[in-house]
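Here is the structure we will look at, set down as structure tokens.
The values are calculated or read from the model by the stated rules, or taken from the named source; none is laboratory data. All values derive from a computational prediction rather than experimental measurement. Please note: Cβ atoms are built from the backbone with ideal geometry, for glycine as well, and neighbour counts cover all protein chains shown. Areas reflect the complete protein model, heavy atoms only, side chains present, ligands, DNA and RNA absent. Shrake-Rupley method; radii C 1.70, N 1.55, O 1.52, S 1.80 Å.
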Amino acid sequence: MIFNPSIACNWIYLSVAGDIHTSFSMKPSNYTFILNTEDHKYWYNVLSHSFFRLSKELGEKIEHLYKDIDNLQKVSPSFYKKLIDGRFIIEDEYDELNEIRKNHHNNVHKKDYFLIILPTLNCNYKCWYCIQDHIPSAMSDSTMEAVKRHIDYMIDVKKIDSLHLEWFGGEPFMLFNKVIIPVSNYAIKKCEAKGIPFENSATTNGYFISPKISNKLTDLKFSQFQITLDGEKKFHDDVKFTKGCVSTFEHVLENINHILEHNESINIILRINYTHTSLTKGIVDEVNNFISSTVRKRITIVPKKVWQENSDKSFNHVIIDILDLFSQSGYGVERWHPNANFLPCYVNSEFYNTISYNGHAHKCTACDDLYEKNPKGVLMPNGIIEWKDDFDRQCQQATFENERCLACKILPVCMGLCPRDFISGKTYCKYDHIDEDFETTLLHHLIHQYD
């Protein structure tokens, strides 16, 4: 929700426009941020996702009155009502934590099924930061049949509302013909027969999505790819290299451009994994050299620090400058991702699972569980996943139920610890380990809403 700036800026002159009476005592929301620039004050509520902007002078008057709500109602009843509509002001007895808990519960059990499938753990690259051991492997015909039975089970028995397949690895497109095509076609036909919405997506390094493959993507109902660059060209080609390819940076960007030019329904998340030395503004021109201006709007740039690199909050300004340049070149950019699903991670969802090439079932793909000889779950031939020690239910716990998270202003968009870490007894704040400063990033996001 965004307020009309012309109404907001004239609020102080509208106090004669009638009075607004409520039968309840009111209080400020616990989740309102008021952020400053030289000329403006920006308000954002991270529970309702409402926001507005005021001039600095007017904003200071409102901020003062915000601490005296009864007086605010008398001075400007119309603006007072707008603050109620935007959930910046709530009833004194209203429990925002209870709302967060209810929304979390509802989303944990929401029946939109997200299934990650790993056709292989093998990969054509050996990136230094990757947590995986890329072992020679391929999903067998019997495991593919079990995956199909699992899709049947989730649709016919669990009565899911939708099905989203996400292909992961290893590098999943090493087995495009053997696994991705037959399983996708089966899922598409099953969903169509049952009237269930279906979506395909993939996390891939993009090397194998050649024009020959990309021409088949629309029929397979692919809607999105997440493809990674490792900083600028010279750094990317040092990290990702393979025999017979002079520059994987150029090769992958050419593939991306072809995908978008020939599949109008597909979008790309271009993730840029970086260290503090591998990323400068020069990457923008390097990407522009290969991506047509006509398709850039369907690419969203998402910088992510590699986990081995120590966090440096000052680097946040470098990221902001780079995102500005990408935006000016016509790309979408992720300045801030307002988490509106009240989950800390998709692992927290009941209707999310991962099935590996060998039929082992997992919740998290960013850990060593993929290599366990005794996995937390096993996909049976009848399509049912058998979990040990109720591991799937353990993952559904509310990881924010601790003193630090419950007192935090960003709880509605963070929602606590990684579920797997929570199960193992770890305690930390996610924002301690990233370059992003929350308020700086949020302010940058808001400024660009008014561009």
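When the range 288-308 is filtered for residues that are over 21 Å from the mean Cα position of the chain (by Cα) and open to solvent by less than 70 Å² (accessible area, probe 1.4 Å), the ones remaining, listed by number, are N288, F290, I291, S292, V295. Restricting the range 213-222 to residues that are polar (S, T, N, Q) and open to solvent by 30 Å² or more (accessible area, probe 1.4 Å), which is modelled with the lowest pLDDT? Out of the qualifying residues, it is N215. Within the range 363-391, the set of residues being in a helix (DSSP H, G or I) and farther than 23 Å from T203 by Cα comprises K388, D389, D390, F391. Restricting attention to the range 392-426, the residues being within 23 Å of the chain's Cα centre (by Cα) and assigned to a loop (DSSP other than H, G, I, E, B) number 15.
Taking the criterion of being of a type in the set (A, V, I, L, M) and under 25 Å from the mean Cα position of the chain (by Cα), the residues of the range 157-182 that qualify are I160, L163, L165, I180. Those helices (runs of 4 or more DSSP H) of the range 138-221 in which at least 2 residues are farther than 21 Å from P381 by Cβ and out of contact with any strand residue (DSSP E or B) (no Cβ under 7 Å at 6 or more places or on another chain), considering only elements entirely within it, cover 181-194, 211-214.
May I ask you to list the residues in the range 256-287 that are β-branched (V, I, T), surrounded by 18 or more Cβ atoms within 10 Å (Cβ to Cβ) and assigned to a loop (DSSP other than H, G, I, E, B)? Please lay out each step first, then the result.
So in the range 256-287, the residues β-branched (V, I, T) come out as 256, 259, 266, 268-269, 272, 275, 277, 280, 283-284, 287.
Restricting the remaining residues to those that are surrounded by 18 or more Cβ atoms within 10 Å (Cβ to Cβ) gives 256, 259, 266, 268, 272, 283-284, 287.
Residue satisfying the conditions is I266 alone.
Considered as a group, the residues in the range 58-88 that are closer than 17 Å to Y31 by Cβ and not charged (D, E, K, R) include one that is most open to solvent (accessible area, probe 1.4 Å), and that residue is I84. S210 satisfies every condition listed in (1) in contact (Cβ under 8 Å) with a residue 24 or more places away in the chain; (2) open to solvent by less than 30 Å² (accessible area, probe 1.4 Å); (3) hydroxyl-bearing (S, T, Y) except (2).
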